[in-house]
Each structure stands twice: as structure tokens, then as C-alpha cells.
1. Restricting attention to the range B:237-248, does a residue exist that is out of contact with any Ser or Thr (no Cβ under 7 Å at 6 or more places or on another chain), under 30 Å from A:ALA140 (Cβ atoms) and at pLDDT 85 or above?
2. Considering only residues that are in contact (Cβ under 8 Å) with a residue 60 or more places away in the chain and assigned to a strand (DSSP E or B), look in the range B:380-404 and name the one that is farthest from B:GLY365 (Cα to Cα).
3. Could you check B:SER475 against (1) surrounded by 13 or more Cβ atoms within 10 Å (Cβ to Cβ); (2) among the polar types (S, T, N, Q); (3) modelled with pLDDT under 70 and say which number it fails?
4. Restricted to the range A:39-84, and to residues that are charged (D, E, K, R), in contact (Cβ under 8 Å) with a residue 60 or more places away in the chain and in a helix (DSSP H, G or I), which residue is nearest to B:LEU158 (Cα to Cα)?
5. Does at least one position in the range B:631-641 carry a residue that is in a loop (DSSP other than H, G, I, E, B), at pLDDT 80 or above and over 17 Å from B:ALA565 (Cα atoms)?
6. Check the range B:488-497 and report whether any residue there is hydroxyl-bearing (Ser, Thr, Tyr), part of a strand (DSSP E or B), surrounded by fewer than 21 Cβ atoms within 10 Å (Cβ to Cβ) and at pLDDT 75 or above.
7. Select from the range B:405-432 the residues that are assigned to a loop (DSSP other than H, G, I, E, B) and of a type in the set (A, V, I, L, M, F, W, C) and write down the one among them that is farthest from B:VAL130 (Cα to Cα).
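The values are calculated or read from the model by the stated rules, or taken from the named source; none is laboratory data. Given the structure is predicted, the values throughout are model-derived calculations rather than measurements. As a convention, Cβ positions derive from the backbone with ideal geometry for all residues, glycine included, and neighbour counts pool all protein chains shown.
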Amino acid sequence: MTADSRIAVGSTSDVTLVEQARAGDATAFERLVDTRLDRAYRLALAILRTDWDARDACQDAFVAAWRELPRLRDVARFDAWLDRIVVNQCRTLLRARRARVREISIEESPQSPGQPTGPSPVEALADGDLVRRALGRLSADQRLVLALHHGEGRAVAEIASLIGVPPGTVMWRLYRARRALEKELREESA
Amino acid sequence: MTRTAPRVTTELLNRVLALPATSEAPTDLHASIAAAIRQTPQRPAPRSSRIAARFGGLPRPAGLAIAALLLLAILASIAAIGAQLLRQRTPLDDSLTFRGDAARTGVVTGPGPGPAMALAFTQTLPGQIVTSPAIVDGVAYMGAVDGRFLALDLSRGLEIWSTDLNVAWSSPSVAGDLVIVGTEDRDLVAVDRDSGNEAWSVPLNAFVSGSPTLVGDRLYVATSSAQSRGRVVAGATGKVMALDLATHSVAWQEDLPGPSTRSIAVDDSILVVPTDVGIAVAFDAATGRELWRFPTQPFTDTPVIADGRAFLAGLDPEGTLGALWAVDLGSGQEVWHHARPSRQTIVAPAVDAVTGMVYAGTVDGDVIALRVDDGTEVWTQHLGAEIGVSPTKAGGVLYVATSAGIVALDAATGQVVGTVLIDGIPSSPAVADGYLVAGTQSGTLYVITGAGVAPVDTPAVTIPSVPGVTPTSTSVLPPVAPLHQVWARTAQDLGLATPFYMNIAPDGRLWIADSTRGRFVILGPDGSVADIWQPTGAAALDLVQPDNDRWGAVAFEPEGGFFVADTDHQRVLRFDSDRELIGSWGSFGPGPGEFVSPFGITVGPDGLVYVVDDSTCRVEVYEASGVYVRTLAGGAEFADRCTNNVIVDRDGNVYLASGGRGDPWRITAFGPDGRVLRRIGEGLLREPVLLARGPNGEIYATDGTDRLHLFSARGDLQASWSGVELELVVIGPEREVYASGPAGVARRYALTPPSQP
């Protein structure tokens with residue numbers, strides 16, 4: 001999914017739903033969940049890589065959004081605000097679970113084989129497996145920016161807005177993440 | 001068998017990290033969320049801050065000193081509960097009360113974050129945080145001024161419960177299943193740890209600003225008849241009270257020589273009670289009989305009891321009487337005292353009886369280590385940033401909260417081994433369970449762990465000195481005519497895919513970078529598209545890469561040549577007036593002539609090129625040929641806090657906007673030599689602030705309130721316009737305003753300057 005295709009609070013009905021939910025209407029909030037859950041889940045899955053983690057992050061994020069909604073001043077920014085909550089929940093989970101380095105199996109990979117060109121399918125799978133394991137050893141922030149940029153296809157400026165840092169910081173983290181990944185891969189291969 | 005490591009290419013990352021097109025949420029997740037929100041109450045909308053101007057009427061140094069004093073008072077007054085555990089001298093992994101134990105030693109033998117500490121998460125609370133949390137089983141219990149009292153799961157960063165308990169200044173203590181705290185309603189209240197439900201409440205008709213102190217089945221509190229917020233309130237009185245924990249009835253109470261807004265320290269059978277009139281009083285814990293008094297004027301911080309001594313810090317915002325005393329606990333006689341050459345305040349220390357060391361911070365930025373037995377100074381580390389709260393020692397690491405960040409020091413040597421930058425004046429950090437938790441007066445709660453993300457050799461916090469800071473004049477402004485819109489164009493009108501940056505060329509045409517298409521759309525003064533320029537050849541290769549975001553801040557020379565910041569490729573491209581690429585410079589890195597994220601760019605009156613690296617907030621200065629000249633700004637004050645455009649006035653002074661994370665937004669003016677000349681707009685500007693230069697060198701700034709401000713080069717506010725949605729603006733030669741923002745990618749306004757007096 002690209003940034004351009006994301007849902008935005010723009011229609012009158014959406015704005016009304018957010019306002020109703022902000023006033024305490026749980027049914028209105030559930031309708032907002034209806035239209036945004038898939039997007040939030042994909043975002044969480046891109047960052048966290050496992051279904052259960054993504055479920056947890058989504059559930060926590062929507063509950064937090066519901067609880068904090070009366071404090072959202074600009075209803076037109078609901079989607080950006082919700083995205084930030086999802087990302088923050090993912091980041092919290094990443095940090096909490098980094099203590100146990102997870103090795104993501106090839107079977108867990110959502111990527112079907114045979115897409116890439118260059119390396120053979122077997123090599124590509126092996127490379128992918130190596131990379132996924134190495135990713136598991138990166139810091140939460142490094143994994144986050146890689147997932148948002150390469151997994152979600154989000155632009156640097158958008159990531160910066162999501163996580164509340166300047167674009168340059170995102171670029172710096174992407175650079176550091178790639179270097180760290182290379183180091184992990186070298187050690188893994190050795 | 002080994003194999004060659006795969007090269008980390010964009011293609012590989014995209015392939016590995018991409019999700020299949022049909023990654024939909026599990027069908028039962030919606031129902032699960034719906035059920036959860038039905039059980040979750042919403043938080044009320046925030047109330048306006050009542051505290052914002054608390055120090056507003058004071059001269060700045062006094063305000064700062066009192067702010068520090070206040071913090072100390074509040075933090076110190078919070079913590080009293082672990083005394084029954086103290087009796088056993090058993091180190092705790094939890095932090096049940098302020099400073100970790102009822103003796104207020106500030107020494108915990110459970111794990112802290114360690115040298116490789118790193119920020120786990122932050123949480124913003126609706127009010128200032130001036131207390132320390134109690135931490136039990138990875139849950140922090142705490143309150144915020146003008147906010148709520150809440151329980152926070154530190155491992156997940158999630159709020160477990162919150163209540164409307166009016167807690168502001170008292171740090172809670174935990175006794176079994178209860179969290180006990182003083183409220184602004186002048187009650188002592190216990191709530192259930194799991195639910196936050198009130199278990200009992202005792203009306204005291206006085207404020208408990210310290211942390212309740214629990215020893216066995218007794219609960220001790222010191223009170224003030226007025227909420228002093230760290231100031232001595234004329235006529236205020238105080239008491240020390242002992243309550244039975246089971247029945248909440250008063251066992252004994254005694255008058256104090258003045259109000260007490262800090263915490264009591266207890267060791268075995270002796271209470272040491274601080275007062276706001278600079279007298280510490282010791283009582284027999286069982287009977288309330290007064291044992292001795294010790295003067296520490298003008299204001300006594302929370303005492304510490306260790307090794308048969310009471311350590312008493314006398315706080316003095318004026319910096320003439322500040323000192324730390326070691327007093328014999330039995331007799332109340334002075335054993336030794338220590339004062340800084342500045343006589344500045346030394347805050348209540350951490351005292352490790354095992355190693356025989358006393359650790360304290362000073363308001364003028366020193367951390368000192370003294371011997372318990374004779375007060376001999378062992379080491380001093382100058383951190384440079386104000387230290388207004390007590391340090392905490394865990395293992396061999398001393399954690400010190402400064403106004404610039406949390407600093408970890410090797411307790412044996414004083415060497416800085418780790419830092420985490422924070423914004424705002426911090427509360428005393430609580431350390432437990434491997435976490436360090438500290439809040440700030442700006443309402444941000446910092447949770448720090450030893451996740452190992454931060455390098456061990458993180459450099460020490462350095463606090464830039466700011467010479468010659470001149471407050472901005474905000475006198476009554478002349479009335480101005482409103483901005484008049486001449487035309488407006490949308491991205492769709494102009495065929496822009498990703499409009500990013502714009503600037504006025506010397507011929508008066510407006511260049512808009514269409515960044516993802518690697519081209520510029522150029523508008524005439526009437527808003528029509530006059531030209532579209534797609535760089536080709538080497539420039540196109542630089543501007544158009546398949547996998548990166550592209551940028552295009554552009555700055556013009558008077559003769560029509562121009563420079564483009566090629567942010568993704570960490571370089572600056574130079575074109576002549578025929579749009580031929582005639583040079584480029586820059587490479588990735590943090591050093592001179594290198595960029596991480598060259599973003600904003602401008603050309604000064606001297607022909608020098610100024611480039612803002614918005615990752616580090618450095619302003620690098622180059623000759624037009626790309627020869628590096630010097631670096632301005634940067635450093636801890638600006639890192640991650642600046643906006644990404646820079647302007648230079650006709651005298652060569654450089655202006656950079658920065659703020660956020662608790663710092664006020666402002667414009668800093670640097671002289672050509674990099675010296676800070678003045679701060680502009682502090683207290684006026686709101687996030688974010690973007691700058692533009694007027695035709696005569698005057699400074700325009702937009703801010704988050706959709707206002708356009710005009711400042712003189714001296715920093716005086718001359719006019720403000722509002723009512724128009726503005727983000728990036730550029731000012732043309734006739735003072736026409738070109739604006740970009742949510743309301744349209746390019747708009748032109750006519751601006752009538754204010755009449756000059």
C-alpha cells in the first residue's frame with residue numbers, strides 16, 4: 001500500500017464519525033475501526049512481522065485511540081494521529097520483545113518465492129532468511145524505519161511525521177540500519 | 001560451511017520486508033477491539049494548564065532557582081514507605097517510595113538501566129511532572145500537576161488505570177496492595193494497586209507534599225498548612241503526624257517550626273523531618289518526643305539517613321548559604337559539612353554506606369563524591385547542566401538527572417558512561433527493575449532501559465553556553481492591513497506530483513520543486529506556469545534515483561545561478577544561469593564538508609552558501625565553489641530541534657529556528673563568526689517555525705498558529721498577520737508573500753508593511 005492510497009479523514013461522514021466517537025459514541029468508533037483496521041494491521045504487520053504481535057499492537061492502539069480521542073483537537077488529523085499511535089505501540093512491542101531475539105522462519109515470511117530477479121529462487125530464499133534473522137537483531141528504531149520505508153513504502157518525510165523526528169533523522173536511522181544489517185549479515189555468514 | 005553475505009540492496013530489503021497484497025486483519029480482531037473499547041472509559045478532554053505561569057513573574061535566575069527548589073521539595077516530599085524493609089537492610093528491586101527506601105538513601109542494589117541505557121519510550125501527561133514514581137513489579141505509580149494519578153506498565157508503555165485523584169506534589173509510596181499519596185485536597189489517600197479504586201482517605205486539613213513514610217504498622221507524614229510550591233509561605237505552619245496503618249487513626253502529632261513540603265527520612269526509631277524554614281527536627285518514632293534540631297537555613301531538603309548519620313542539604317536559591325551537613329543521628333551534632341565555592345545549592349545526596357560514599361549534585365552543574373566519614377572530596381564531575389534533583393545509585397552506576405539529560409556516571413570515578421537527552425527540568429529519577437523513570441516539568445515521562453541500543457561510549461552531555469542572550473521585545477504592535485490573496489494554485493492545477501520546496505528567483509519567478517519527478521515547475525508573478533525544467537544528464541542522475549525520496553530546496557545567486565540541495569545524496573549541486581550543472585560537493589558523514597541530510601539552503605550577501613543539515617542542525621558555510629568555510633550552530637541545543645530552513649541577513653548574520661521537546665520555539669541569530677547574538681520570538685512563536693528573508697534583510701517567520709511575524713534584524717517584533725493558513729513562505733522583492741501549505745501549494749498575497757513610527 002502506498003501513502004497515496006491511504007484513507008484520509010476528509011469526507012463529512014468520517015469527520016462526523018470522529019466527532020461522535022470523540023463525544024463518547026462507541027458505535028461510531030467501531031465504524032471507524034471498520035474502515036481502518038486492515039490498514040492499521042498491515043502497518044503493524046510490516047513493522048512487527050508476526051500476526052500475533054500485529055494483533056496485539058492493533059488492539060492496544062485502537063483502545064488507546066478510543067481512550068484518548070477526547071483529547072484529539074483536530075478531527076481532520078485523526079488518521080495521522082491513529083497511525084502514530086499504531087507505530088508507537090509497535091515500537092513499544094519491539095522494544096519489549098527485543099530481549100528475546102526472534103528468528104523468523106521462512107514459513108512465516110509473507111513473501112511468496114519466485115518474485116525476485118538476480119539470485120536464483122533458492123538463493124533468494126536463503127538471503128531473505130538471513131536478512132530476516134539479522135533484522136531481528138537490530139534495534140527497535142532501526143527495524144521500525146526499515147519496515148516503514150521498505151515494507152510499507154512510506155516516504156522519509158512521512159515516516160518523520162509518524163515518529164516525530166526530522167526527515168534527516170529518519171535518513172540517518174535508515175543509513176545506520178543498513179550498515180548494522182550488513183554487519184549482522186557478515187557475522188551470520190561467517 | 002560459510003557463504004558470502006548478501007549485499008543489502010534496496011531490492012533485497014523491499015523483497016524481504018514487503019507484505020503480500022492481501023494482508024488483511026484477522027476476522028475476529030474487530031470484535032475483540034469492539035469488546036475492549038466497550039470496557040474502556042474515555043479520558044476527559046484536557047483542562048487548561050493552571051500552572052503555566054508559575055514562575056512567570058520572577059526574574060529568570062530566581063525563577064530557575066525556585067523551579068529547582070520546587071522540584072526538590074516536591075520530589076523529596078514524596079517517598080516514605082519502605083522502612084519496614086529497611087529494618088532488614090534488604091536491598092529492593094522495586095522502588096516502593098521516594099528515593100527507594102524510607103531512609104531516602106537513593107541507593108538501590110537491584111538493576112538499573114546500566115551504562116548502555118537508552119530511551120524505551122516517552123509518554124506525555126497533561127501536566128507538569130514534578131514527582132517520582134513508585135515502581136513495583138514493572139508498574140510505575142505517579143501523578144502529574146493538573147493531571148491524573150495513574151499506573152503505567154513500563155514493559156509495554158501502556159496505562160493500566162488512571163484516576164482523577166488530585167495528586168500533584170506528593171510522590172506515592174506502596175504498602176502491600178495499596179498506593180498511598182497526599183492530595184491537593186488535603187487528604188491522605190490510599191488506592192488499590194490493581195484497580196486504582198480508592199481504599200481509604202484521611203482528611204488532614206493540611207497538605208502532604210512529601211512522600212508518605214511507612215515503618216512497620218506506622219505511617220508518618222509531614223504537613224504544611226499552605227501549599228507552598230517550594231516557597232516559604234508567611235504564616236504557614238506544619239506538623240509531623242504518625243498514623244496507624246490499619247485504622248488510619250492519629251497515634252501522635254507534633255508541631256514543627258515551620259511547614260514541611262519534603263519527605264521524612266526514617267532509620268530504626270528516629271524520624272528526621274525537614275522544614276521549609278531551614279530547620280531539621282528529629283523525633284522518636286514511637287512517641288513523637290523531639291530529640292534534636294539542626295539548622296540548615298534557608299530551606300531543608302529531604303534528609304538522608306545512613307551509617308548512623310543524617311545528611312542534610314540546605315537549599316539556597318540565592319547561592320550564598322548552600323551546603324551539605326553530616327550530622328550524628330543520635331546527638332544531632334555536626335560531624336562535617338561541605339560547601340561549594342559558589343555556595344550554591346547542593347541537593348539531597350545519595351549515600352552508600354557500604355562503599356562509604358556520598359554523591360550529590362549542585363545547581364551549578366557539578367556532581368560531587370564525598371567520603372561518608374569525613375566529607376573529603378573524592379571526585380567531581382562538571383556536567384554543566386543544572387542539577388536540581390537527587391541522584392540515584394544502582395550497582396556501580398550513579399544516575400543524575402540534569403536539565404539537559406539523564407547522565408550515567410561510574411560511581412567509582414565520576415566518569416560519564418552514558419547519557420540520554422531529555423527536554424525540560426526533570427524530576428528525581430526512580431530506578432527499579434532495570435528501568436529508570438523520570439518526568440519533566442513539560443509533562444513528558446521518560447522511561448529508560450538498558451536495551452543496549454545506546455553505545456557505551458556515548459559522549460557526555462555538553463551544554464552550550466549562550467552569551468549575550470537578549471530578551472525579545474514584544475511591545476504593542478502597530479495595526480496592519482490583513483494579507484490580501486492575489487491568486488492561489490493547487491498541486492492539481494500545476495500538475496505537481498510531490499511539491500516540496502519553493503523559492504523566488506532573481507527574475508521574480510517562483511520555482512517549485514516537484515520532488516518525486518525530479519523537476520521544477522516555475523510560475524510567473526501572475527501564478528501561471530511559465531516553465532518546467534527537468535534537469536538532465538548528470539544532474540538528472542543526481543536528482544532522480546529509483547528508490548529514494550527526492551528533495552529540491554533551491555537557492556539563487558543574484559546573477560541567476562543557483563544551488564540545489566540534493567538531500568538524499570548528501571550533496572549540493574551548483575548550476576549556472578543557463579541551468580548547466582557546473583559543480584557539486586558533499587558526501588555522507590558528520591564532519592566538515594559532509595552531510596547527513598542537507599536540506600535547507602540559502603545564499604548570503606557575501607556570496608557564501610549556507611546549508612542546513614537538518615539531522616544535526618548544523619549550518620555549514622561554503623564558498624560558491626564548494627570550498628568548506630565553517631560550521632555554525634549544531635550541538636545539543638539544536639539537535640533534532642531545528643526547522644530546516646535558514647536565512648542570512650544583509651550583514652551576514654544567520655538565523656535558525658529551533659524548539660520542541662520541551663524547549664520553547666525561538667529564532668537564534670548567529671553572527672558571521674558563529675557567535676550567538678540574540679534569541680528572537682521566545683514565548684511568542686509556536687511549533688513549527690519557518691523563516692523567510694525580506695528584501696531589506698528583515699526576518700519573517702511563520703509558526704504553528706498560522707501567523708506571519710515580521711521582526712527587525714535586531715529581533716524586535718514589528719508586526720503579525722493572522723487568519724491565513726501558512727507554512728513555508730518566501731518573500732518577493734515587492735514584499736509579496738508566496739505561501740505554501742494545506743490550503744494550496746502556491747498562493748500569492750499582497751502584504752502591506754506596518755507604518756513606521
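1. Among the residues of the range B:237-248, not one is out of contact with any Ser or Thr (no Cβ under 7 Å at 6 or more places or on another chain), under 30 Å from A:ALA140 (Cβ atoms) and at pLDDT 85 or above, which makes the answer no.
2. Only one residue tops the list, namely B:ALA394.
3. Tallying (1) surrounded by 13 or more Cβ atoms within 10 Å (Cβ to Cβ); (2) among the polar types (S, T, N, Q); (3) modelled with pLDDT under 70, B:SER475 fails exactly one: (1).
4. Applying the filter and picking the extreme gives A:ARG84.
5. Within the range B:631-641, none of the residues are in a loop (DSSP other than H, G, I, E, B), at pLDDT 80 or above and over 17 Å from B:ALA565 (Cα atoms).
6. No: zero hits.
7. Within the range B:405-432, the match that is farthest from B:VAL130 (Cα to Cα) is B:ALA412.
Okay, residues lined up against (1) closer than 30 Å to A:ALA140 by Cα; (2) within 14 Å of another protein chain (Cβ to nearest Cβ); (3) at pLDDT below 85; (4) within 25 Å of the chain's Cα centre (by Cα):
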site: B:LEU165; (1), (2), (3), (4): no, no, yes, no
site: B:SER170; (1), (2), (3), (4): no, no, no, yes
site: B:GLU184; (1), (2), (3), (4): no, no, yes, no
site: B:LEU188; (1), (2), (3), (4): no, no, no, no
site: B:ARG193; (1), (2), (3), (4): no, no, no, no
